[in-house]
1. With the condition kept exactly as written, say whether any residue in segment 101-114 is touching a Leu at 6+ places or on another chain (Cβ under 6 Å) and modelled with pLDDT of 80 or more.
2. Within segment 47-59, identify whether any single residue is assigned to a helix (DSSP H, G or I), open to solvent by 80 Å² or more (accessible area, probe 1.4 Å) and at pLDDT below 80, and answer yes or no.
3. What tally of residues in segment 88-100 results from selecting those that are modelled with pLDDT of 90 or more and in contact with an Asp or Glu (Cβ under 9 Å, 6 or more places away or on another chain)?
4. Mind checking which residues of segment 50-86 are hydrophobic (A, V, I, L, M, F, W, C) and touching a residue at least 40 places away in the same chain (Cβ under 8 Å)?
5. Which one is farthest from HIS42 (Cα to Cα), of the residues in segment 103-130 that are in contact (Cβ under 8 Å) with a residue 12 or more places away in the chain and open to solvent by 50 Å² or more (accessible area, probe 1.4 Å)?
Amino acid sequence: MSKRKMFLLAGVTTLVLTGVAGLAAAEYGERHHRDGKGMGRHIFKTFDQDGDGAITVVEVENQLAKAISEHDQDGSNSLTVEEFKALWLSHTKPRMVRSFQRLDEDGDGEITQIELEETFIELHARFDKNDDGEVTKGEIRHGYRHKRKHHDDDDDDGDN
């Protein structure tokens, strides 16, 4: 194999591995990422083809070749942005469907403005750490942590 082909293969492999990690992240979502277990299981399920608990370079190469061949519509042994889009969408569709189902609170197959408003009102309340009715960049930087309310604080000093 020529140096140019080896360099190209190394570059494509790096890009695809980055894309695969992104696909795994997208498919399994932030909830599974917090502990890393969901994504790790998915990576092993995808790449550990012989089930021995180890992923070899050959297994990665085989799986990547399979992904490219399944989505390479023009037979070029590479993916155009449109072909990659099909690969990406095939991996992210389950997450999109789960997100839609979470927003569709009544399960009627449609998301109404009211359902969207309720979701975003909940998000606003979660980010509004100081309960002033406004969300600042600083509050957003603190992430999606739930507000902690101390319901057992019954004194009148104003502290929660």
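1. Within segment 101-114, one or more residues are touching a Leu at 6+ places or on another chain (Cβ under 6 Å) and modelled with pLDDT of 80 or more.
2. no
3. Qualifying residue count, segment 88-100: 0.
4. If the condition is that a residue be hydrophobic (A, V, I, L, M, F, W, C) and touching a residue at least 40 places away in the same chain (Cβ under 8 Å), then VAL60, LEU64, ALA67, ILE68, PHE84 are the ones that fit.
5. Of all residues in segment 103-130, those in contact (Cβ under 8 Å) with a residue 12 or more places away in the chain come to 103, 105, 115-116, 118-119, 125-129.
Next, from what is left, pick out any that are open to solvent by 50 Å² or more (accessible area, probe 1.4 Å): 105, 116, 118, 126, 129.
Numbers: GLU105: 28, LEU116: 31, GLU118: 32, ARG126: 30, LYS129: 35 Å.
This residue is LYS129.
A quick yes/no check of all residues on (1) out of contact with any Phe, Trp or Tyr (no Cβ under 6 Å at 6 or more places or on another chain); (2) part of a helix (DSSP H, G or I); (3) more than 30 Å from HIS71 (Cα to Cα):
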{"position": "MET96", "(1), (2), (3)": "yes, yes, no"}
{"position": "PHE100", "(1), (2), (3)": "yes, yes, no"}
{"position": "GLU105", "(1), (2), (3)": "yes, no, yes"}
{"position": "ASP108", "(1), (2), (3)": "yes, no, yes"}
{"position": "GLU115", "(1), (2), (3)": "yes, yes, yes"}
{"position": "THR119", "(1), (2), (3)": "yes, yes, yes"}
{"position": "GLU122", "(1), (2), (3)": "yes, yes, yes"}
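Residue-wise test of (1) farther than 30 Å from LEU79 by Cα; (2) of a type in the set (Gly, Ala, Ser).
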site	(1), (2)
LEU89	no, no
VAL97	no, no
GLN101	yes, no
ASP108	yes, no
ILE114	yes, no
GLU117	yes, no
GLU122	yes, no
ALA125	yes, yes
ASP128	yes, no
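The values are calculated or read from the model by the stated rules, or taken from the named source; none is laboratory data. All of these numbers come straight from a predicted model, not from anything done at the bench. Neighbour counts are summed over all protein chains in view; Cβ atoms, including those assigned to glycine, are modelled from backbone coordinates with ideal geometry. We work out accessible area using only protein heavy atoms, side chains counted, and drop any ligands, DNA or RNA first. Shrake-Rupley method; radii C 1.70, N 1.55, O 1.52, S 1.80 Å.
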